[in-house]
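Peer 1: Before I ask anything, here is the structure I am working with.
The values are calculated or read from the model by the stated rules, or taken from the named source; none is laboratory data. Predicted model only: the values in this text are computed from it and were never measured. For neighbour counting, all protein chains shown are included, and Cβ atoms are generated from backbone atoms with ideal geometry for every residue, glycine included. The area values use the complete protein model at the heavy-atom level, side chains included, leaving out ligands, DNA and RNA. Shrake-Rupley method; radii C 1.70, N 1.55, O 1.52, S 1.80 Å.
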Amino acid sequence: MTEPSENARAAALALSRTARMLERALAHGTAPALSLSDYRVLTAVAGGEGRASRLARRLAVGKPSVSASVDSLVRRGLLARSAGAGDQRAIDLTVTAGGHALLVDADRAVTALVTDIASRTPDPSGTLAALAAFGTALEQRQTEIAAHHAERRA
């Protein structure tokens, strides 16, 4: 295996530091405070991933972690559970009105942070475009991994 480039190392470090900064932005930019994990669950459900069983794969985290976030969000009235249509064992999730309102505040907080950081680069628009492309690549990678796991189970 080849050694990672200096840019790859620096990018990985920047991403790990950004995670903590996003946590702080959510803690101070939302009321009630929202964790990064809860934000990820809310955005996934708001984006159409309403099946609890698929959230862990989509978010690339363990099922216990997603279950804890979902339980917390339901208790706080930000998510609602319902029986899955056509499958009694499935649980569908929806974002409540309160969840949508909090998500608007959370999106503002994290977007302001990312925009501020990008504004400090030589090409702010290019940086934001590259980060958006990185997000698309993350989704593609997760889809490929999920397909590979499904093939192995079949």
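Peer 1: Can you give the helix-only mean residue ellipticity at 222 nm for the chain, where every DSSP H stretch with n ≥ 4 adds -39500 (n - 2.57) and the sum goes over all residues, rounded to the nearest 500 deg cm²/dmol?
Peer 2: Values: 6 runs with 108 residues, N = 154.
Only helices count here, giving -23500 deg cm²/dmol.
Peer 1: Then there is this: Just from the alpha-carbon atoms, what are the Rg and Dmax of the range 1-111 in angstroms?
Peer 2: 16.1, 51
Peer 1: GNM, the chain, Cα, under 10 Å: largest mean-square fluctuation among Leu128, Leu26, Leu79?
Peer 2: Result: Leu128 has the largest fluctuation of those listed.
Peer 1: Can I ask one more? Where only protein heavy atoms count, and the probe is 1.4 Å, what is the accessible area per residue for the range 34-154 in Å²? Each step should come with its number before you reach the end.
Peer 2: On the way: 7310 Å² over 121 residues.
Value returned for the range 34-154: 60 Å² of accessible area per residue.
Peer 1: What's the local net charge at Tyr39, with K and R +1, D and E -1, over the other residues with C-beta under 11 Å away? Walk me through the numbers on the way to the answer.
Peer 2: Details: positive: Arg40; negative: Glu23, Asp38, Asp105, Asp107.
Overall, the nearby charge balance is -3.
Peer 1: Of Ala56, Ala44, Ala85, which is the most mobile in a GNM of the chain whose springs link Cα atoms less than 10 angstrom apart?
Peer 2: Greatest mean-square fluctuation among the candidates belongs to Ala85.
Peer 1: Further question on the same structure: Taking only C-alpha pairs under 8 Å that are 6+ residues apart, what is the relative contact order of the range 1-71 in percent? Walk me through the numbers on the way to the answer.
Peer 2: On the way: 30 pairs, mean separation 14.5, N = 71.
Relative contact order comes out at 20 percent.
Peer 1: Pick out which of Ala11, Ala31, Ala133 has the largest mean-square fluctuation in a Gaussian network model of the chain, springs linking Cα atoms closer than 10 Å.
Peer 2: Ala11
Peer 1: Next question, about the same structure. Hydropathy first: keep DSSP H helices in the chain averaging at least 0.5 on Kyte-Doolittle, then drop any whose Cα extent along the axis falls short of 20 Å, and list what survives. Each step should come with its number before you reach the end.
Peer 2: Details: long enough: 6-29 (33 Å, -0.09); 97-118 (31 Å, 0.86); 124-153 (44 Å, -0.32).
Span-like helices in the chain: 97-118.
Peer 1: Over the range 72-154, what is the mean sequence separation of C-alpha contacts under 8 Å (at least six apart), divided by residue count, expressed as relative contact order in percent?
Peer 2: Details: 43 pairs, mean separation 12.4, N = 83.
15 percent.
Peer 1: Find, among the trypsin sites (Lys or Arg not before Pro) in the range 92-154, those assigned to loop by DSSP (not H, G, I, E, B) with at most 12 other beta-carbon atoms within 10 angstrom. Working shown, then result.
Peer 2: Details: sites: Arg108, Arg120, Arg141, Arg152, Arg153; in loops: Arg120.
Within the range 92-154, the qualifying trypsin sites (Lys or Arg not before Pro) (loop, at most 12 other Cβ atoms within 10 Å) are Arg120.
Peer 1: Determine the share of the range 28-119's accessible area contributed by carbon and sulfur atoms, expressed in whole percent, with a 1.4 angstrom probe. Provide the component values of the computation, followed by the final result.
Peer 2: On the way: 2680 of 4810 Å².
Of all accessible area on the range 28-119, carbon and sulfur atoms account for 56 percent.
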